[in-house]
Every structure is written in structure tokens, then in C-alpha cells.
Amino acid sequence: MSASLATRRALAALLAAGTLLGAAALPAAADDHRRDQRGRHSALVIGDVQYDSPNRDRSNRALNREWVEIKNTGRSSVNLRGYTLTDQQGNRYRFPDFRLDGRSAVKVHTGQGRDTRHDLYQDRSRQVWNDRDTATLRDNRGNVVDTESWGRRGHQHRG
């Protein structure tokens, strides 16, 4: 019986060691999954920003000289439907059913115009982007995809 008890103890120790090794490997696998999730979102970034027309002209032409560029740095196209672009004051633009091709960009203009593959329009009558502001791009679930700040300390990109 002592051999059987020794065998059971050895087997129990082996199983416990295997469980510990498996548990130690789980956080690494979960971390890899989070990195993959972030990697999918990081294909979309805020590119160039043209803010605050210098002469405070409220014409549609002046409003459309104010824009934020959204770039898709990945190879696959992304449908931006439901994504939002906001500023610090709470102004929000919700993207329509719009597919941004891989390795391409779209400018989101403040004023009115006809949407194309490279230009979208917020249809606003007032400027949105100030000389000190932050543009935040969120996905259709409200998760922050990218932010771009400018002003007193220059451009600051957080993505």
C-alpha cells in the first residue's frame, strides 16, 4: 500500500505542477490577445489636422479649410459607420456608412459639401477645431482609437 500511496502523491505533485505551469501561461496568452485587439484598432490613426482658419471667416469655404485627417495604415478596409470624431468642447461627428480603404485617408471637413472617397463633411456652420484642442476618434462601441492634441505644447499624439 505504501507504493500506491507514493504513486498517488507523485501523481498529485505532477498534476499540481502542470496546473501551475498552465496558470502561469494564461496571462501571457491573454496579454497577446489584448495586443492583437489593440493592433486591429491601431490601423486607424488621426493624421494631419488643419484647425482654426486664421481670419475667422464663417463662409463654407473657410469652414472646409478646417479638417481632421483619418488614416487607415492597415491593408484591409474598415467601415467607419458609427465611429465618432470629437473635440474638447463636446462637438461630435458620427461617421456614416463609409468604407475607408487600406493604406488610404479621408479628410473630415467642418463645413458642407458632397461626401467622396477622400472627403467627408460635417455640415456645420461654425468652426470646431480651436488653436488648442484635442481630436478623439472612437470606434462604434465608444472605445478610444486615437487622439491628437495641439496648442500650447505643440502636437501631442496618443494612440
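Of the residues that sit in segment 42-67 and are among the hydrophobic types (A, V, I, L, M, F, W, C) and closer than 16 Å to Asp139 by Cβ, which one is surrounded by the most Cβ atoms within 10 Å (Cβ to Cβ)?
Going through the qualifying residues, I end up with Ile46.
Taken together, Gly142, Gly111, Gly82 contain a single residue that is surrounded by 14 or more Cβ atoms within 10 Å (Cβ to Cβ) and over 17 Å from Tyr51 (Cβ atoms), which is Gly82. Any residue in segment 40-52 that is at pLDDT below 60, over 16 Å from Asp123 (Cα atoms) and out of contact with any Leu (no Cβ under 7 Å at 6 or more places or on another chain)? Looking for residues that are at pLDDT below 60, over 16 Å from Asp123 (Cα atoms) and out of contact with any Leu (no Cβ under 7 Å at 6 or more places or on another chain), one finds at least one in segment 40-52, hence yes.
The condition of being open to solvent by 80 Å² or more (accessible area, probe 1.4 Å) and within 23 Å of Trp150 (Cβ to Cβ) holds for Gln89.
Restricting attention to strands (runs of 3 or more DSSP E) lying wholly within segment 78-159, give those where 1 or more residues are modelled with pLDDT under 95. Show your work before the answer.
Numbers: elements: 84-86, 92-94, 104-109, 119-121, 133-138, 144-150, 156-158.
In segment 78-159, the matching strands (runs of 3 or more DSSP E) lie at 144-150, 156-158.
The values are calculated or read from the model by the stated rules, or taken from the named source; none is laboratory data. Quantities reported herein were computed from a predicted structural model and do not represent experimental measurements. No Cβ is skipped: glycine too gets one built from the backbone with ideal geometry, and neighbour counts run over all protein chains shown. Heads up: the accessible areas ignore ligands, DNA and RNA and are worked out on the full protein's heavy atoms, side chains in. Shrake-Rupley method; radii C 1.70, N 1.55, O 1.52, S 1.80 Å.
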